[in-house]
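**Student:** Got a structure for you, written out below as structure tokens; questions coming shortly.
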Amino acid sequence: MSASNKNGSGKRKEGGTNMVSMEMESLHPGSTTVRRAQQPPHFLTQIWMLIKLNIESYPKIFSTIGLLCLAFFMYVAVEYSKPQMSRHKMVEDYSKIKLDYDFKATQIDNWCLFGGDNACRCEDFTEPIPRDEVKGWLDSHEANKASIDPAKEYDIVFLGDDLVEARNGKFLGMDLPDGARIKQSFVDTFGAENNDVEINALALGIGGDSSTNLLWRISHGEMPKQLYSKLFWISIGTNDLARGGCSEEATVLGILRVAEEVYYNNPGSDVVIQGILPRSSRSDGSLAPTPTASRIPLFGKKLSSKQQSEAARRNFQLWPSIKAINKELEDFCTNHGKIIYFDASALFLGSMSNSLYRSKSEQIMAELMPNYVNPSVNGHKILNKAIQQEYINIVLDEHEENDIEEKTGSGRRALLRVASSAPEDSNNDSDGDGGVVR
């Protein structure tokens, strides 16, 4: 009995010792006898194992998916490696061409503002083209012809587009919202009975016309042989750029083609080319440059090259092109004695400033051009006054110091000074100083 108890207690003692040893080992994790719990694989490793398992299970499906992904990335790489759409700048110098220039269409490098020949609606300036498909256009043309008095000797005849037709209070024969006031401003400025200097003026314009449309009108009754004027004033070109998307060189040659036609039909008269007025597509009228790039969309409807060009033109500020065109026209007039250049752009421009800072970017003044394309009533008044003063200096040459007309060689160039203060307006239009310092 005692022996068995002794043996039993010995076993219990031995078992107790083993348990203590196990507890001690658990306090020393560095011991080689300790077993660690196995860590789960990393999340990315699990994903890769899952993909690998599926690839091994469905090799054909995943081969197809892989090829499609490769094709997509190759498509993106090819599309984004293509050159971005940007403005095509004028590289030729047309300022020294002769007035009997034959205006070959083949001499144009690019017909479209963003390059190429077929990505825009630019018309061939060598061919007179009507707009008889436009409602009201032919009626406006007939109205212009009817307004010409063959028995009258005119002092100045205006030929052009929206700007000129607005002087009759119309756009494509329809009354403008402020048409009556704009027309009255024209009559007040150029009506012979309203001025110390008698000026008989005639405005022959149709809204939306390009150079080719004006060329057609001239050759179809708006410049009959009986029509005589001391001065012909051409305002055309803005629709070649904005509506037709024409390149700078195509626009320049279109304007010069009209000037040539007018000049040779009226060799005893002076001819003035007015520079294209500024225009802005920005909501604040700013003329700050905007990116010219246009990317092809990766998704959605595929745009043709013509649609891409149209989209880029709508988003692109035309002011850099307008300045380049006007500079080329100015250089041309400097080299031709009977053609005079007149730039009224600065009449409509200003910049934001205060006592400490002046913005470098030019801005169209909303009071003078509310939609940043067409002059307001006050805009017309100021422009008419500047043209009236220019007429006096060109035709009558009354000033002893005529710094508005600079003679360089055989060429003449209009130089505007501060023309006048903004005309008074009984309808609360904005007043202010208006003029140009050149």
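**Student:** Distance cut-off 32 Å, Cα to Cα: go down the list 327/381; 170/360; 225/323; 135/360 and report the pairs above it.
**Tutor:** Going by Cα-Cα distance, 170/360; 225/323; 135/360 fall outside the 32 Å limit.
**Student:** Leaving ligands, DNA and RNA out of it, work out the accessible area of residue 321 with a 1.4 Å probe and give it in Å² to the nearest 10.
**Tutor:** 0
**Student:** Using the Cβ atoms and a cut-off under 11 Å, what net charge is assigned to the surroundings of residue 238, where Lys and Arg are +1 and Asp and Glu are -1?
**Tutor:** Once all neighbours under 11 Å are counted, the net charge is -2.
**Student:** Once ligands and nucleic acids are excluded and a 1.4 Å probe is used, how much of residue 174 is accessible, expressed in Å² to the nearest 10?
**Tutor:** 130
**Student:** Something else now. Per-residue HN-Hα couplings for the stretch 271-285, Karplus 6.51 cos²θ - 1.76 cosθ + 1.60 at θ = phi - 60°, whole Hz, x for Gly and Pro?
**Tutor:** Each residue's phi maps through the Karplus curve to give 10, 10, 9, 8, x, 5, 6, x, 8, 9, 9, 8, 5, 9, x Hz.
**Student:** A follow-up question, please. In terms of modelled amide H atoms, which long-range or inter-chain residues lie less than 5 Å from the amide H of residue 376?
**Tutor:** 369
**Student:** When N counts the residues of the stretch 165-234, how does its alpha-carbon radius of gyration compare numerically with 2.2 N^0.38 Å, as a ratio?
**Tutor:** For the stretch 165-234, the normalised Cα radius of gyration is 1.21.
The values are calculated or read from the model by the stated rules, or taken from the named source; none is laboratory data. Quick caveat: nothing in here was measured; it's all calculated off a predicted structure. As a convention, Cβ positions derive from the backbone with ideal geometry for all residues, glycine included, and neighbour counts pool all protein chains shown. Remember, those area values only see protein heavy atoms, side chains included, never the ligands or the DNA or RNA. Shrake-Rupley method; radii C 1.70, N 1.55, O 1.52, S 1.80 Å.
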